[in-house]
Every structure is written in structure tokens, then in C-alpha cells.
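Colleague: Quick one: the structure is below, and I'll ask about it shortly.
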Amino acid sequence: MSVKIIQSKCGLVLTCLLGQIMLLAAPVQAGVEDKSYDVNFQSSQGDNFTACLEFNANGRSLRFGRIDATYSRTNLGRDQRNWQAVTNPNSEESIALSGQVKKDLVPDRRISGNAINSNGTTYTFNGTLLSEPICPIENESEIGSENPFFK
């Protein structure tokens, strides 16, 4: 009888440990919907600048540097951490972006990725989550008259 009690206690302890390991190892899913990020861009032309990426709550539109784009999560919309975006294909200049929300202790605090415009200029970017879901107006004014996304 005592052997069975010891076995059940060991089994219970092992089950609890295995459950905790699986809980901690589960991927953290964090989406970009209804969030804004202050982002540093570096271009292949040597330009460095900041912009605010504002992902709308509808899960489809992205605004950055006075530019509108359509975005989607990857893997047929099931992957919440990775996303891709493209500006309107009918515009004179086009930009495609690909990014991901970084996993760290606080999910969805950091974002990174890369982009390319229709001139062939490539960009890498890294940023942090803003406290408000809407970009501050002063961030758009930092872009200036010559938009660095179209160099």
C-alpha cells in the first residue's frame, strides 16, 4: 500500500512539473493590432531616421511616415507575431515591409523587420511599443518634406 502512495505522489509531482514546463515553453502570441511602435529605420543608402508604425485595430491597415499600407499576419493570418505589409500598388512609389513582434519578458514590447521600396532601397528597423495605440502627431512632422522611405 505504501508503495502505491509513493508512486502516486511521484506521479503527481512529475505531472505538475511537466505541466509547468509546457506552460512556460508555450509560444507567446502577441499581435500588432491596435498598437503603435516608435521605430528606428536604417536604409541601404546610409540614412537613419525614426517613424511611428501605427497598426489599426481592424487588423488590416498600417500607417507610417504619412504613408498608408495594408498588412496581414503571415501563415494565412494565423501567426500573430509575424506580419507583412505593402503600400497601394497604384501609387508612384511602393514599399513592402516584413516584421515581427519580439518575444521577451513582456510580450509585444519590441518590433523588428525589414523593408524595400520600388527604387530598390532596403531598410532594417527596430522599435518599441508606445503607450498609446495612436502615433503622436509630432512623429509624422519629423519625416519632413522629402520622405526618406522613397529615396
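The values are calculated or read from the model by the stated rules, or taken from the named source; none is laboratory data. Keep in mind it's a predicted model, so treat the numbers as computed, not measured. Quick reminder, even Gly has a Cβ in these numbers, built from the backbone with ideal geometry, and neighbours come from all protein chains shown. The protein model used for the area step is the full one, side chains on, heavy atoms only, and it has no ligands, DNA or RNA in it. Shrake-Rupley method; radii C 1.70, N 1.55, O 1.52, S 1.80 Å.
Colleague: Multiplying the sequence separation of Ser61 and Thr122 by 0.36 nm and subtracting their Cα-Cα distance, what value in nm do you get?
Modeller: Working it through step by step, the gained length comes to 19.8 nm.
Colleague: For the pair Thr50/Glu146, report the inter-label distance in nm, with labels modelled 7 Å from Cα in the Cβ direction.
Modeller: 2.2
Colleague: Lys102 versus Asn114, label points 7 Å from Cα toward the beta carbon: distance in nm?
Modeller: 1.7
Colleague: Please work out how much accessible surface Cys135 shows to a 1.4 Å probe, ignoring ligands, DNA and RNA, in Å² rounded to 10.
Modeller: Answer for Cys135: close to 20 Å² accessible.
Colleague: Could you report the accessible area of Leu130 in Å², rounded to 10, computed with a 1.4 Å probe on the protein chains as they sit in the structure?
Modeller: For Leu130, the solvent-accessible surface is approximately 50 Å².
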